[in-house]
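Asker: Before anything else, here's the structure in question.
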Amino acid sequence: MIARIATHFPAQVLDNDALARLYPEWPADKIFEKTGIRARHVVGPEETASDLAYHAAEKLLAGEDRASVGFLLLCTQTPDYLLPTSACLLQDRLKLSTRTGALDFNLGCSGFIYGLALGQSLIQSGLSDNLLLLTADSYTKFIHPMDKSARTIFGDAGAATLLKASSKNRLHSFVLGTDGSGYDRIMIKVGGARFRPGSEPETETTDASGNVRSPSCLAMDGPEVFNFTLQCVPALVADVLAKASLTLDQIDLVVFHQANAFMLEHLRRKLRIPKEKFVLCLENCGNTVSVTIPIALESALRLGQLKAPAKVLLAGFGVGLSWGGCILEWNEQ
Amino acid sequence: MKLDQFLQNLADLLGASTAEVRLGAPLESLAGWDSMGQLSTLSLLDEIGVRPPKGSLQQCKSVSDLVALAGAKIEQ
């Protein structure tokens with residue numbers, strides 16, 4: 001099912017030294033110790049998530065027959081426009097056939113898993129044999145410069161994943177879930193239809209930890225998101241394993257959404273996952289939302305951490321609140 | 001977990017001394033009590049089987065409030 005993955009990062013890099021100059025109470029080594037992140041790529045003023053998706057897709061499609069791509073799914077929460085759908089712009093920019101179906105879906109940290117589930121379903125329905133799943137986001141455009149809790153965590157990136165009707169690198173045992181009561185734990189309040197830009201004053205507020213935000217900026221309640229994760233992820237892992245009739249011992253590699261290293265290490269210990277089976281891949285890119293899992297998979301392949309044959313447990317969780325997991329049977333590089 | 005051990009672990013996580021992390025000490029007086037410190041505290045509470053209700057951690061004003069949040073999981 002998963003044929004290939006390619007990723008793309010914007011050129012501009014924001015490292016911990018630069019952030020520590022802005023937030024003297026958080027030295028660079030403390031930022032790394034608490035997040036596991038040394039640097040993150042950030043888009044320039046003229047660059048968007050669709051640009052990142054485009055460059056990742058161009059890498060992926062080099063040598064591929066573009067006419068064979070029957071469907072394009074773009075997962076992003078930072079589209080170019082409210083309308084039209086960014087996937088439509090990408091169909092044209094990537095010179096895909098006008099017979100290509102294309103749509104955006106708005107999910108964050110769970111988005112790659114949802115994309116795999118949607119893509120597999122579209123392929124199994126017979127609608128398309130080859131599907132291009134793009135995940136891309138540029139959260140950094142929406143983070144207040146003095147919101148250290150978000151700015152130390154998030155980076156921008158794009159990934160392109162080619163899904164094919166094939167028994168190779170099969171996906172199964174999908175578990176998806178949603179709890180919209182936590183919609184405000186990660187949120188950009190202003191900019192959609194309910195709160196139009198200018199509908200309320202751009203008043204800056206500072207929380208108890210000194211993070212500055214305004215209504216059109218990303219607001220993340222980190223402790224509450226962590227609390228959600230502690231509840232969600234162990235149950236998600238158990239549900240996926242039960243659906244697959246597998247135990248954790250039978251899993252060769254675990255790839256979670258790369259939220260931050262502190263959270264991941266706590267989850268790893270809580271679930272008793274051996275270090276050698278657990279992928280950590282955010283030191284030089286940060287939390288790239290729906291792009292973290294394909295980045296981690298590509299890195300694990302490159303570093304030899306993922307070798308066929310392998311059973312891989314994938315899990316994404318976060319903004320929404322939304323979560324999803326599945327098993328990837330990796331049997332061909 | 002014994003109270004002394006909890007306070008020691010909390011001090012380590014917040015980058016503070018045990019003299020600073022004492023019962024009654026205001027959390028805002030601890031330099032490490034920021035969003036990262038709160039994540040660390042949640043991980044400590046989770047390790048002893050405590051999952052605070054939504055918003056309850058942010059309502060804690062002192063180290064004593066954190067101990068109260070942990071309730072019977074801490075041996076006084």
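The values are calculated or read from the model by the stated rules, or taken from the named source; none is laboratory data. No experiment lies behind these values; they were computed from the predicted model shown. Positions of Cβ are generated from backbone atoms using ideal geometry, with glycine treated the same way; all protein chains shown enter the neighbour counts. Accessible surface is based on the protein model in full, side chains and every heavy atom, while ligands, DNA and RNA are left aside. Shrake-Rupley method; radii C 1.70, N 1.55, O 1.52, S 1.80 Å.
Asker: Scan the stretch A:18-37 residue by residue and report those that are over 28 Å from A:Ala56 (Cα atoms) and free of Cβ contacts under 8 Å to residues at least 24 places away in the same chain.
Answerer: Passing the criteria: A:Ala20, A:Arg21, A:Pro24, A:Pro27, A:Ala28, A:Asp29, A:Lys30, A:Glu33.
Asker: Among the residues of the stretch A:183-231, write down those that are at the interface with chain B (Cβ under 9 Å from one of its Cβ atoms) and open to solvent by 40 Å² or more (accessible area, probe 1.4 Å).
Answerer: A:Asp207, A:Ala208, A:Asp221, A:Gln231, listed by residue number.
Asker: Something else about it: Regarding the stretch A:249-261, can at least one residue be identified that is in contact (Cβ under 8 Å) with a residue 12 or more places away in the chain, of a type outside the set (Ser, Thr, Tyr), facing chain B (nearest Cβ under 10 Å) and surrounded by fewer than 20 Cβ atoms within 10 Å (Cβ to Cβ)?
Answerer: Applying the first criterion (in contact (Cβ under 8 Å) with a residue 12 or more places away in the chain) to the stretch A:249-261 yields A:250-261.
Next cut, of a type outside the set (Ser, Thr, Tyr) only: A:250-261.
Subsequent filtering for residues that are facing chain B (nearest Cβ under 10 Å) retains A:260.
Now restrict to residues that are surrounded by fewer than 20 Cβ atoms within 10 Å (Cβ to Cβ): none.
No: zero hits.
Asker: For the stretch A:119-156, which residues satisfy the criterion of being assigned to a loop (DSSP other than H, G, I, E, B) and within 21 Å of the chain's Cα centre (by Cα)?
Answerer: Across the stretch A:119-156, the qualifying residues are A:Ser138, A:Ile143, A:His144, A:Asp147, A:Thr152, A:Ile153, A:Gly155, A:Asp156.
Asker: What are the residue pairs meeting all of these: first residue in the stretch A:118-139, first residue open to solvent by 70 Å² or more (accessible area, probe 1.4 Å), second residue among the basic types (Lys, Arg), Cβ atoms under 7 Å, and 6 or more apart or on different chains?
Answerer: So the pair list comes out as A:Asp129/A:Lys164.
Asker: Taking the stated definitions as given, is A:Arg272 farther than 26 Å from A:Gly192 by Cα, within 14 Å of chain B (Cβ to nearest Cβ), touching a helix residue (DSSP H, G or I) at 6+ places or on another chain (Cβ under 8 Å) and open to solvent by less than 50 Å² (accessible area, probe 1.4 Å)? Give the steps one after another, and end with the answer.
Answerer: On the way: farther than 26 Å from A:Gly192 by Cα: yes; within 14 Å of chain B (Cβ to nearest Cβ): yes; touching a helix residue (DSSP H, G or I) at 6+ places or on another chain (Cβ under 8 Å): yes; open to solvent by less than 50 Å² (accessible area, probe 1.4 Å): no.
Against the criterion (farther than 26 Å from A:Gly192 by Cα, within 14 Å of chain B (Cβ to nearest Cβ), touching a helix residue (DSSP H, G or I) at 6+ places or on another chain (Cβ under 8 Å) and open to solvent by less than 50 Å² (accessible area, probe 1.4 Å)), A:Arg272 does not qualify.
Asker: Among the helices (runs of 4 or more DSSP H) contained in the stretch A:3-95, which hold 3 or more residues that are open to solvent by less than 40 Å² (accessible area, probe 1.4 Å) and touching a Ser or Thr at 6+ places or on another chain (Cβ under 9 Å)?
Answerer: Correct list: A:28-35, A:49-61, A:86-93.
Asker: Let me ask something else. What's the number of the condition B:Ala11 fails, among (1) assigned to a helix (DSSP H, G or I); (2) more than 9 Å from chain A (Cβ to nearest Cβ); (3) open to solvent by less than 10 Å² (accessible area, probe 1.4 Å); (4) in contact with a helix residue (DSSP H, G or I) (Cβ under 6 Å, 6 or more places away or on another chain)?
Answerer: In the conditions (1) assigned to a helix (DSSP H, G or I); (2) more than 9 Å from chain A (Cβ to nearest Cβ); (3) open to solvent by less than 10 Å² (accessible area, probe 1.4 Å); (4) in contact with a helix residue (DSSP H, G or I) (Cβ under 6 Å, 6 or more places away or on another chain), B:Ala11 misses (4) alone.
Asker: On to the next question. Check whether at least one residue in the stretch A:208-218 is among the basic types (Lys, Arg) and touching an Asp or Glu at 6+ places or on another chain (Cβ under 8 Å), and report yes or no.
Answerer: Taking the stretch A:208-218 and keeping what is among the basic types (Lys, Arg), we get A:213.
Those still in the list that are touching an Asp or Glu at 6+ places or on another chain (Cβ under 8 Å) too: A:213.
Yes: one or more hits.
Asker: Is it the case, given these coordinates, that A:Arg99 is in contact with a Phe, Trp or Tyr (Cβ under 6 Å, 6 or more places away or on another chain), at pLDDT 95 or above and open to solvent by 40 Å² or more (accessible area, probe 1.4 Å)?
Answerer: Answer is no for this residue.
Asker: Considering only residues that are within 11 Å of the chain's Cα centre (by Cα), hydroxyl-bearing (Ser, Thr, Tyr) and farther than 18 Å from B:Lys2 by Cα, which ones fall in the stretch B:42-63?
Answerer: B:Ser62
Asker: Further question: Are there any pairs, at least 6 apart or on different chains, whose C-beta atoms fall under 8 Å, with the first in the stretch B:20-44 and facing another protein chain (nearest Cβ under 7 Å) and surrounded by fewer than 21 Cβ atoms within 10 Å (Cβ to Cβ) and the second not hydrophobic (A, V, I, L, M, F, W, C) and not in a loop (DSSP other than H, G, I, E, B), and if so, which?
Answerer: Pairs that qualify, where the first residue is facing another protein chain (nearest Cβ under 7 Å) and surrounded by fewer than 21 Cβ atoms within 10 Å (Cβ to Cβ) and the partner is not hydrophobic (A, V, I, L, M, F, W, C) and not in a loop (DSSP other than H, G, I, E, B), are B:Ser43/A:His266.
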